[in-house]
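Here's the structure, in structure tokens; my notes come after.
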Amino acid sequence: MNENPFNIINILTTLFMLVWIAIAMSNAINPRFMWKITESWKATKEPQASYFMIRRVAGAVFSIIGIVFLLFGRFSR
């Protein structure tokens with residue numbers, strides 16, 4: 001069968017992974033900004049510095065996971 005490498009599933013998966021990586025890197029680079037965008041509306045005061053450090057580390061881990069998934073998806077075909 002003739003397999004088209006640019007089918008809609010591949011494009012949507014790649015777009016999802018790029019958004020995933022962008023959000024995760026934003027958390028890793030500037031967690032306070034991401035907190036203001038996503039969670040500040042439900043807080044009465046700003047969280048402790050340890051919260052932002054955990055969020056930074058999680059952002060770095062999830063961006064690495066996203067990059068690995070994106071590359072693994074590219075090379076497995």
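Nothing in this text is a laboratory measurement; each read-out follows from the coordinates by a stated rule. Computed from a predicted structure; not experimentally measured. Heads up, the Cβs are rebuilt from the backbone with ideal geometry, glycines too, and the neighbour counts pull from every protein chain shown.
The angle separating the long axis of helix 8-29 from the principal Cα axis of greatest extent in the chain is about 30 degrees. Against the chain, whose longest principal axis is taken from its Cα atoms, helix 49-75 shows a tilt of about 0°.
Kindly state, to the nearest 0.05, the FRET efficiency for Thr14 paired with Glu39, given R0 = 25 Å and r defined as their beta-carbon distance.
0.30
Give me the Debye-computed log₁₀ of I(q)/I(0) at q = 0.18 Å⁻¹ for the chain, equal point scatterers on Cα only, no solvent, two decimals. With one equal scatterer per Cα and no solvent, log10 I(q)/I(0) is -0.76. With K and R counted +1 and D and E -1, the other residues having a Cβ less than 15 Å from that of Arg32 yield a net charge of +2. This ranking places Phe72, Phe62 by how few other beta-carbon atoms lie within 10 Å of each, fewest first, which gives Phe72, Phe62.
Magnitude of the charge dipole for the chain, about its Cα centre and with charges confined to Cβ atoms of Lys, Arg (+1) and Asp, Glu (-1), is about 260 debye.
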